[in-house]
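Computed from the coordinates by the stated procedures, all read-outs in this text should not be read as laboratory data. What you see is a predicted model; the values in this text were computed from it and never measured.
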Amino acid sequence: MSTETQTQQTDQSSQGTQDQSQSSGSTAATGAASQGSTASQTTSTQTGQTQQQAAASAAKRPDWAPEAAWNPEKGFDVDAFGKHWAEQVAPVLTRDAAEQVRRAALPQKPEDVKIELPKDFQIPQGVEFKLDASKPEFGKLQAAAIKHGLSNDAVSDLVGVYAETLVGSEATLSAARTAEITKLGANGPARVTALSTFFDAMGAPEMKGMLVTAGIVQAAERLVAKFQTQGAASFSQAHREPPTGGKVTEDTWATMSDAAKLDYVRTHNPKAA
């Protein structure tokens with residue numbers, strides 16, 4: 001083999017070695033770049049996931065934390081919670097505590113409920129009224145007071161309203177009764193008193209409650225007159241004179257019989273005869 005041929009082979013071999021070396025270097029560089037890119041992407045992905053997890057964790061409010069004291073970005077807000085407690089929680093706790101104290105002071109059984117008039121209750125002059133706590137309606141009121149948690153003061157106010165209604169009705173009846181008795185003349189009250197005395201003596205005091213109109217008083221006088229004469233004759237004031245020529249004294253009136261009293265009051269009021 002000639003020297004020139006050997007030289008060419010040597011050059012080709014050297015060139016091949018260089019090509020291989022370049023190719024290996026290029027491949028290694030490409031691999032390293034690829035690995036670097038992959039690592040960078042992995043790190044970026046992990047960072048994104050961590051941020052999402054952190055954001056999700058911060059956005060989720062615990063059940064015990066009120067909305068007013070929760071910040072989606074920062075989480076629990078102590079200052080906001082303090083304001084929420086002072087404005088909304090504390091007043092409720094104070095109210096509940098006061099309600100517990102109030103209920104503890106209430107009557108616990110129906111018999112503990114007092115049936116009495118308010119201390120400032122006033123009965124109109126000329127009207128008779130007496131509160132009877134034994135009436136069935138008051139038993140119902142006591143039961144209702146326990147059911148609805150009423151205090152004795154509240155029950156007393158209700159009893160006062162009830163009493164005012166009764167007193168008002170009694171005052172109206174009393175005024176009407178007075179007007180009717182006035183129709184009997186100046187001796188109207190004395191005539192009613194005479195009849196009342198008669199009914200008491202006969203053991204029938206309930207009859208006195210009927211003497212509320214002029215007509216009833218006159219009818220009662222006729223019945224009493226017939227009873228005293230045993231029905232033999234009708235009661236008449238004809239040709240009768242007053243026992244004394246004028247009004248009798250209280251002492252004389254007290255000694256008169258029921259019949260004499262009736263005669264007297266009717267004699268002094270001929271229109272009622």
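Just a few scattered comments:
- Difference of contour (0.36 nm per residue) and Cα-Cα distance, Gln100 to Lys135: 9.4 nm
- The phi-based Karplus calculation (6.51 cos²θ - 1.76 cosθ + 1.60; θ = phi - 60°) puts the 3J(HN,Hα) values of segment 71-83 at 10, x, 9, 9, x, 5, 10, 5, 4, 5, 5, x, 5 Hz, whole numbers, x for Gly and Pro.
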